[in-house]
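Here is the structure we will look at, set down as structure tokens.
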Amino acid sequence: MILMIDGRTDIIQYYSQWLENRFNEGFLYTRNPAYPTTVQKIILDHEHIDAIVFTSKNYEPGLKLIEKLDKEFPCLYHYTITAYGKDIEPGVPSIMKSGETLFKLSDIVGPEKIFWRYDPVLLTEKYTLDYHKDTFGFLCEILNDRINRCIYSYVNLYEKTKRHMPELEAWTDEKKIEVAKVLGKTSIEHGVKVQTCNCNLDLTEYGVGKSGCVTKELFNTVLGLNLKDKKPNGTLGCTHCYPIVNIGEYNTCMNKCKYCYASSDFGACEKNYAKHNPNSPYLIGNGTPVDQIVERKSQTALTAELNLFD
């Protein structure tokens, strides 16, 4: 099992004490988003976990825990640092503060394990293509020797995103290519490898690679694993990404990013956050009498076969 922490909320920033408690006790409970009374028990040990993917916009609260877990499990780290201010990302630290924390993370785990997320890319009257060029170039300059690569995506206009940001327009292929030309050229100038995720366009001629953000190749090359071939299961909405198990819940993140697909109601985020109990096996609240708890079976993604051509 590949465990992701987390694509639906920022567990490291807002729930790091809970996560530490869960690893100390060796298990957690996670609700099915579509059927909330259906609960999986996830065992947090080497028999059940092959690797962990962390994703956050602020690793500062979890650095001590990560220093411990990185020695116990194969881990990759996705760190989102974008061009936006508090008008778009109210709960996210400034670019400079985020850069300082990424340096600390790099000192702990090494740059090869860190993937800088410059996503999603969105265009408004304020956040123009020139604005992105300048900010992206600045970040490339300060982060280029502290990361494995940069991964970016184009904002998806979900209905919840449209409600929070009605000024956004749908992407055309032409607009995506314009962005790719700018980010590709800038990344080459600074010696940063850049790729898209969840994009079907071939942008390689502009210096932008086409892949997933969580792939078999990344796990095998960066962490030295030997993963089985598995078809994407749509967990991350990308046809390139390896199947993962996500433990977060929707409407629980206090970053309140306007473009977020996982936070449709910021009022609900506050109410859920208020219910959080760091000592509970559930991320939000506690169990109920109608919960149906089933332990997730141990199904390793690793193969015992040695591939001589990897």
Take Glu25 and His46, extend 7 Å from each Cα along the Cα→Cβ direction, and tell me the distance between the two endpoints in nm. 2.4
List the residues whose amide H sits under 5 Å from the amide H of Val194, counting only those 5 or more places along or on another chain, with H placed 1.01 Å from N in the peptide plane. Cys150, Gly209
Average the reciprocal distances over every distinct pair of alpha-carbons in the chain, invert the result, and give the Kirkwood radius in Å. 20.1
Note down the relative contact order for region 2-295 as a percent, whole number, built from C-alpha pairs under 8 angstrom at least six residues apart. 24
Where labels lie 7 Å past Cα in the beta-carbon direction, separation of Leu201 and Lys230 in nm: 3.1
DSSP-loop trypsin sites (Lys or Arg not before Pro) across region 31-113, with at most 16 other Cβ within 10 angstrom: Lys86
Report the FRET efficiency, 1/(1 + (r/R0)^6), for Thr303 and Glu125, where r is their Cβ-Cβ distance and R0 is 45 Å, rounded to 0.05. 0.30
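Using only the Cα atoms of region 242-310, build the gyration tensor, take square roots of its eigenvalues as a ≥ b ≥ c, and label the shape rounded, prolate or oblate: rounded if a/c is under 1.5, else prolate if a/b is larger than b/c, else oblate.
oblate
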On a C-alpha basis, how far is the centre of region 199-274 from the centre of region 58-75 in Å? Whole number, if you could? 19
Simple spin-label estimate for Glu270/Lys71, 7 Å along Cα→Cβ, in nm, reads 4.2
Label point at Asn220 placed 7 Å out along Cα→Cβ; residues across region 243-274 whose backbone nitrogen lies under 13 Å: none
If every Lys and Arg gets +1 and every Asp and Glu gets -1 at its Cβ, then about the Cα centre region 219-299 yields a dipole, in debye to the nearest 20, of 200
Going by how many other beta carbons lie within 10 Å of each one, how would you line up Ser264, Ser106, Ser298, fewest first? Ser298, Ser264, Ser106
The relative contact order of region 177-310, taking Cα pairs under 8 Å that sit 6 or more residues apart, comes to a percentage of 16
Candidates Thr124, Thr101, Thr239; GNM for the chain (alpha-carbon contacts under 10 Å) flags as most fluctuating Thr124
Return the sequence-ordered ³J(HN,Hα) values of region 284-299 in whole Hz as given by the Karplus equation 6.51 cos²θ - 1.76 cosθ + 1.60 applied to θ = phi - 60°, using x for Gly and Pro. 10, x, 10, x, 10, x, 9, 5, 10, 9, 10, 6, 5, 5, 7, 10
By its C-alpha gyration tensor, with a ≥ b ≥ c as the square roots of the eigenvalues, how is region 19-131 shaped: rounded for a/c under 1.5, else prolate for a/b larger than b/c, else oblate? oblate
Cleavage-rule hits (GluC sites (Glu not before Pro)) in region 142-237: DSSP loop, at most 12 neighbouring Cβ within 10 angstrom: Glu167, Glu169
Trypsin sites (Lys or Arg not before Pro) restricted to region 244-310 and DSSP loop, no more than 11 other C-beta within 10 Å: Lys297
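Here, each number is a calculation from the coordinates, and none is a lab measurement. Note that the coordinates shown come from a computational prediction; the quantities given were computed from them, not determined experimentally. All Cβ positions, glycine included, derive from the backbone under ideal geometry; neighbour counts span all protein chains shown.
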